[in-house]
Amino acid sequence: MNTAPEEQYTAAPFVPEAVRDIDALREAAAGCRGCPLHRDATQTVFGAGSADARVMLVGEQPGDQEDRKGRPFIGPAGQLLDRALAEAGIDPGEAYVTNAVKHFKFTRAEPRKRRIHKAPGLREMTACGPWLAAELALVEPELIVVLGATAGKALLGSSFRVGEVRGTLLEREIHGHAERLVPTVHPSSVLRADDREGAYEGLVADLKVAARALA
Ligand code: URA
């Protein structure tokens, strides 16, 4: 029996070529249909912050609140992240913040019940990659802070393990550009940790490595 090959999803046809302006990129991303996630999500949640930012923070995907409001990291994980950044000496208002995947992926236990976050798979990460590549090309950050496993796999490949490299300054070529990166845990994992205080201190310690790399 022949099985049909898995459909390849990609945002590439929706990404304008040679765009010089982050707002134009954001506008184009609003109409992205590169993978099926747009069907159930409220809207595309594109990156936010200045295109002149020295540091880019990359998370996983928008959560429930981000999906409703259309901005990344505005829910509980974002609030914790802002506090940790400030404590580490990085002004959150001066960072460019985005996600590896730009639509909220979720399930519902029952129809009309609460939406439950579902981690994006490799296909969705790969499909959304052209948006992250376009953001990197426009913002040209001096440093990328990688927030958790999904962002790490999207930027550094599927063998990425956050526990192996967190809190270290990496230098890697990404989309033909030499990039400096500091990986750390995702702020949501701090919210879920049994030892929340210890996990938070660990996040701040990693972000201090990023702060020193920017000094
Ligand atoms: N978690 C993420 O990875 N990104 C967001 O924008 C919100 C929560």
| query | Looking at region 87-99, is at least one residue crowded, with 22+ Cβ neighbours inside 10 Å and in contact with a Phe, Trp or Tyr (Cβ under 6 Å, 6 or more places away or on another chain)? | reply | yes
| task | Kindly provide the set of residues from region 69-85 that are open to solvent by less than 20 Å² (accessible area, probe 1.4 Å) and not small (G, A, S), ordered by number. | result | P72, L80, L81, L85
| query | Restricting to region 104-136, what's the tally of residues that are touching a residue at least 40 places away in the same chain (Cβ under 8 Å) and either surrounded by 19 or more Cβ atoms within 10 Å (Cβ to Cβ) or in a helix (DSSP H, G or I) (or both)? | reply | 16
| query | Which numbered condition trips up E17, out of (1) over 18 Å from the mean Cα position of the chain (by Cα); (2) of a type outside the set (S, T, Y); (3) open to solvent by less than 50 Å² (accessible area, probe 1.4 Å)? | reply | (3)
| region 180-201 - residue that is more than 10 Å from A84 (Cβ to Cβ), in contact (Cβ under 8 Å) with a residue 24 or more places away in the chain and in a helix (DSSP H, G or I) and, of those, most open to solvent (accessible area, probe 1.4 Å) | L191
| Out of A41, A51, which single residue is within 20 Å of L147 (Cα to Cα), touching a residue at least 40 places away in the same chain (Cβ under 8 Å), open to solvent by less than 50 Å² (accessible area, probe 1.4 Å) and in a loop (DSSP other than H, G, I, E, B)? | A51
| query | Looking only at residues in region 26-38 that are part of a helix (DSSP H, G or I) and over 16 Å from the mean Cα position of the chain (by Cα), which one is nearest to the ligand (Cβ to nearest atom)? | reply | H38
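The values are calculated or read from the model by the stated rules, or taken from the named source; none is laboratory data. This structure is a prediction, so every number in the text was calculated from the model and none was measured. Every residue, glycine among them, receives a Cβ derived from its backbone with ideal geometry; neighbour counts consider all protein chains shown. Ligands, DNA and RNA are excluded from the accessible area calculation, which covers all protein heavy atoms including side chains. Shrake-Rupley method; radii C 1.70, N 1.55, O 1.52, S 1.80 Å.
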